[in-house]
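Heads up: the structure comes next, in structure tokens.
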Amino acid sequence: MTEDSATSVVVDAVLKLANDSPYAEISEENLITLLSQSTDRTRRALEIWEIVAPRLRHSFVKHHRVLQWNFFRRVITVTRALTVEEIDRFASASELAIPYTIGEQLRSLSGLAFERFMADFLNRLPQFQDVSVTKASRDDGVDFKGFYQPEVDGPRWRLIGQAKQWGVAISSSMAREFVGALSTSGERHIVGLYVSMNGYSAPAFTTFKRSDHTILPWELSDIQKLALKHEVGTKSFEATLPILDQTYWNEIGAD
């Protein structure tokens with residue numbers, strides 16, 4: 001069997017296993033099994049694969065698919081060019097999935113790691129400066145401190161914050177504890193930032209509103225929106241992709 005004919009046999013088998021997936025990884029074992037069925041001999045299948053494998057170490061294109069043999073992982077990757085509709089679907093799916101994934105990442109953090117995240121996160125936002133985590137041994141109910149300046153030319157407020165990763169909504173008693181921490185902080189011109197991954201009870205919101213202090217109650221959705229807007233823990237990219245203008249070719253080929 002010539003190299004070209006062996007390549008045709010192998011490529012057809014790989015594409016059969018890949019179906020119409022945009023991306024697939026075909027193991028060497030599965031490929032040999034399929035080739036053995038078509039040749040009736042495992043030894044013959046191995047001989048054919050040995051002929052073709054070196055050729056597939058470089059990208060090989062057939063039927064709008066790019067095949068490449070990964071020697072170290074012992075798999076053939078199959079990548080199909082996406083249609084415009086598929087690109088739009090993937091973009092839409094990403095917009096829906098990334099905020100959810102941010103939430104999963106945050107919930108996987110330990111309590112201390114979540115506090116460190118909040119300090120780093122806030123320092124990446126333009127209205128917060130010099131935010132740092134307080135020492136756990138003497139935090140007095142405060143997880144982080146810094147400064148808050150909502151307007152570029154506006155006043156700069158002392159920031160005192162609490163970060164809760166708990167699986168329950170913040171209760172009114174927890175809200176009162178935070179208000180008390182603000183009142184006994186000894187700071188002037190304070191803004192409190194309470195971050196709760198699981199929201200707040202209605203009485204907790206009432207406690208914050210009745211406080212003499214300005215308190216910003218953040219939830220997971222606030223972090224998700226700001227993380228996407230300021231690309232904290234996320235990235236965005238733009239790509240220019242060539243696509244086939246099928247209308248053009250249909251018009252050229254029309255008799």
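No lab work stands behind these numbers, since they all come straight from the coordinates. On a predicted model such as this, the values are computed, not experimentally measured, just so you know. As a convention, Cβ positions derive from the backbone with ideal geometry for all residues, glycine included, and neighbour counts pool all protein chains shown.
Assorted remarks:
- Three-way shape label, the stretch 101-230, alpha-carbon gyration tensor, a/c 1.5: rounded
- The stretch 1-42 versus the stretch 141-203: alpha-carbon centroid distance in Å: 61
- Derived scalar couplings ³J(HN,Hα) [the stretch 174-186; Karplus, 6.51 cos²θ - 1.76 cosθ + 1.60; whole Hz; x for Gly, Pro]: 5, 5, 5, 4, 5, 4, x, 5, 5, 5, 9, 6, x
- Residues considered: PHE237, PHE71, PHE147. Largest GNM mean-square fluctuation over the chain, using C-alpha springs under 10 Å, is found at PHE237.
- Alpha-carbon Rg/Rh ratio, for the stretch 1-136, with Rh computed the Kirkwood way: 1.27
- Three-way shape call for the stretch 97-168 based on the alpha-carbon gyration tensor, with the a/c threshold at 1.5: oblate
- Built amide H within the under 5 Å cut-off of ALA163, gap 5+: ASP143, VAL195
- For the chain, the Kirkwood hydrodynamic radius comes to 23.4 Å, computed from all pairs of different C-alpha atoms.
- Label-to-label distance for ARG89 and SER21 is 1.5 nm, based on points extended 7 Å past Cα in the beta-carbon direction.
- Point-charge dipole on Cβ atoms (K/R +1, D/E -1) for the stretch 3-80, about Cα centre, debye to 20: 140
- Amide hydrogen proximity for LYS62: with H placed 1.01 Å from N in the peptide plane, the residues at 5 or more positions away or on another chain lying under 5 Å are LEU67.
- Legend: distances between Cα atoms for LYS16/LYS62; LYS164/LYS235; LYS135/LYS235; pairs beyond 23 Å are LYS164/LYS235; LYS135/LYS235.
- DSSP assigns beta bridges within the chain; of those with both partners inside it, close to 65 percent run antiparallel.
- Per-residue Karplus couplings for the stretch 17-34, computed as 6.51 cos²θ - 1.76 cosθ + 1.60 with θ equal to phi - 60°, are listed in order as 5, 6, 6, 10, 5, x, 8, 8, 10, 9, 6, 4, 4, 5, 5, 4, 4, 5 Hz, Gly and Pro entered as x.
- Amide proton proximity set for LEU109, modelled H, under 5 Å, gap of 5+: none
- Inter-label distance for PHE237 and ALA97, nm, one decimal - labels placed 7 Å from Cα along Cα-to-Cβ: 1.5
- Sorted peptide list for 195-202, 206-213, criterion being average Cβ within 10 angstrom, highest first: 195-202, 206-213
- Spin-label zone in the stretch 183-213 - amide nitrogen under 11 Å from a point set 7 Å from the Cα of SER172 along the C-beta vector: 202-208
- Extended-chain gain in nm, criterion 0.36 nm per residue less alpha-carbon gap, ARG43 and HIS213: 53.2 nm
- Here the Karplus relation 6.51 cos²θ - 1.76 cosθ + 1.60, evaluated at θ = phi - 60°, turns the backbone of the stretch 77-87 into coupling constants of 8, 10, 10, 9, 5, 7, 7, 4, 5, 5, 4 Hz, with x for every Gly and Pro.
- P(r) tail fraction, the stretch 31-87 - alpha-carbon pairs more than 19 Å apart, %: 42
- Among the trypsin sites (Lys or Arg not before Pro) found in the stretch 211-255, those both in a DSSP coil and sparsely packed, with 16 or fewer other Cβ atoms within 10 Å of their Cβ, are LYS235.
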